[in-house]
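Right, one structure below, let's go through it.
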Amino acid sequence: MSRVAVIGNTARAIGAACAADFTLSGHEVRFAVFAEQMNQLPAIRQAGGFSVEGDAKHLISQKTGFAKLAKICDTTAEALKDAEAVVIEVDIRQLEAKFSAMIPEFARGAVVHVQSHGYWPAARLTPHLRRAGRGDVLVTEAPAPTHAARITGTVVTPKGLRKGIRIATAPAARANEALAVLKPLFPDFEAATSVMQTGLENL
């Protein structure tokens, strides 16, 4: 079982789908959203998690039903405490600003996977970590998010699951270090050659 923080949930519902799927897979999931998404929390808190409906083939857990979250958090710091794996869904235009605010909150050695459509997230964010003296934290990127879903209230309906995804870190030599943390969540993940591969495939 992994301790994972899922941060953010845009209209694409990737954050909600991942939080629910990881929970149904047996992981300890803490969920938080960014300030502009706070209107989502009351319903989720009242329910205690997400109800997952639809075709289970679109989920890593291969399960539907109620996904009771370990914790629904008011702040990112609360969700990130002791989280070895972090999954972020964010408007890619806000990526640097949102990520930079969380740098002091990441647990030592955390692996942060960006689950958003957008270009070069690991390449863009790693310099921020270095400037902050947080070389212990690793950021990973992929050509596309794993999950596609729809959310209505607290009901998540998965619509697709991408397999064969390859992830990259900056530097590329640390990809296997990241995979050791992420594979319990994303069993199909493999290492890309570099962020050049993931970035250009995104195009």
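The values are calculated or read from the model by the stated rules, or taken from the named source; none is laboratory data. If you're wondering where the values come from, they're calculated on a predicted model, not measured in any experiment. Glycine also receives a Cβ, built like all others from the backbone with ideal geometry; neighbour counts cover every protein chain displayed. Side chains are part of the model used for accessible areas, which takes the heavy atoms of the whole protein and leaves out ligands, DNA and RNA. Shrake-Rupley method; radii C 1.70, N 1.55, O 1.52, S 1.80 Å.
Of all residues in segment 9-39 being crowded, with 24+ Cβ neighbours inside 10 Å and out of contact with any Leu (no Cβ under 9 Å at 6 or more places or on another chain), which is farthest from residue 62 (Cα to Cα)?
Within segment 9-39, the first condition is being crowded, with 24+ Cβ neighbours inside 10 Å, and the residues that meet it are 9, 14-23, 29, 31-33.
With the extra rule that they be out of contact with any Leu (no Cβ under 9 Å at 6 or more places or on another chain), the set shrinks to 9, 14-16.
Values: 9: 21, 14: 16, 15: 17, 16: 16 Å.
Top of the filtered list is 9.
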- Near pairs, Cβ below 7 angstrom, 6+ apart or cross-chain, from segment 19-40 (touching a residue at least 60 places away in the same chain (Cβ under 8 Å)) to any residue that is open to solvent by 20 Å² or more (accessible area, probe 1.4 Å) and among the hydrophobic types (A, V, I, L, M, F, W, C): 21/60; 25/60; 27/1
- Query: Does segment 131-141 include one or more residues that are modelled with pLDDT of 95 or more, closer than 16 Å to residue 22 by Cβ and acidic (Asp, Glu)?
  - Reply: no
- Task: Name the single residue, out of those in segment 165-203 being in a helix (DSSP H, G or I) and polar (S, T, N, Q), that is surrounded by the most Cβ atoms within 10 Å (Cβ to Cβ).
- Result: 198
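Before we move on, is residue 162 in contact with a Pro (Cβ under 8 Å, 6 or more places away or on another chain) and either closer than 22 Å to residue 30 by Cβ or open to solvent by 30 Å² or more (accessible area, probe 1.4 Å) (or both)?
Values: in contact with a Pro (Cβ under 8 Å, 6 or more places away or on another chain): yes; either closer than 22 Å to residue 30 by Cβ or open to solvent by 30 Å² or more (accessible area, probe 1.4 Å) (or both): yes.
Taking the combined requirement at face value, the residue satisfies it.
May I ask you to verify whether residue 16 is assigned to a helix (DSSP H, G or I) and modelled with pLDDT of 95 or more? Outline the logic, then answer.
Details: assigned to a helix (DSSP H, G or I): yes; modelled with pLDDT of 95 or more: yes.
Answer is yes for this residue.
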- Message: Tell me whether segment 103-125 contains one or more residues that are in a loop (DSSP other than H, G, I, E, B), small (Gly, Ala, Ser) and open to solvent by 30 Å² or more (accessible area, probe 1.4 Å).
- Response: yes
